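A.B. asks: Have a look at this one.
Values quoted throughout were computed directly from the atomic coordinates according to the rules given, and no laboratory measurement underlies them. Predicted, not measured: the structure shown is a model, and the values here were computed from it. So basically every Cβ, Gly included, is an ideal-geometry build from the backbone, and we count neighbours across all protein chains shown.
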Amino acid sequence: MHKLARFFGATLGLIGMTACSVFGESGVEKAPYTIVLQEEAIEIREYSPLVLASTISSGDFDEATSTSFRRLFNYISGENIARQAVEMTAPVLIEESGQKIDMTAPVLIAEAAEGWKMSFHLPSAFTFETAPAPTNQQVFLEKIEPQTIAALRFSGLMSRKKVEAMREELIKWLDEKGYIYNAKAYKVASYNPPWTIPFLRRNEIMIPVKE
């Protein structure tokens, strides 16, 4: 099984325990954005500021993401100064090796010098000042400024081959429209638990752009 599939299976399983369906998206809060332009399956979006809970883990992809997810899930389950439970959010995003995180989402992963970085975006009720501070020193909070993102939506099962094909399709569209973008900073998003019917799944390729 591809690493992407294993990652989404592990992380979205916990999302699915709170609100999910085999027929579509989970009911959890999603990162807020405004659609600036829409053309079939592609959207240009403006994302609002977000607060992230993040952690970095070393090791191979599967080991690092599993460790990171447990840390962050413990944080939102009450492993924080306020001993406060924080609701899970969606989608889950993953970023390929060696790329900077310059986009935000409920869960982000990027390979850093220390390993893999994963982030949950906190519900909109929290600000950076009001978010409960982690008690685990390996978890930290971040404030992400607004950004403009190009997103290509597609369905079906996740695979590296499909991800690359969708990425190339979005890059081609951006070139045709004359956008300035950072193709290396692309991310993959999945909004569904692993048991959702494949053709009803919502997946996205996201690339930051400058208008």
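A.B. asks: Please report, in cubic angstrom per residue, the volume enclosed by the convex hull of the alpha-carbon atoms of the range 157-196.
C.D. replies: For the range 157-196, the hull spanned by Cα atoms encloses 82 Å³ per residue.
A.B. asks: Would you please give the FRET efficiency between ARG160 and ILE35, computed as 1/(1 + (r/R0)^6) with r the Cβ-Cβ distance and R0 = 22 Å, to the nearest 0.05?
C.D. replies: The calculated FRET efficiency here is 0.20.
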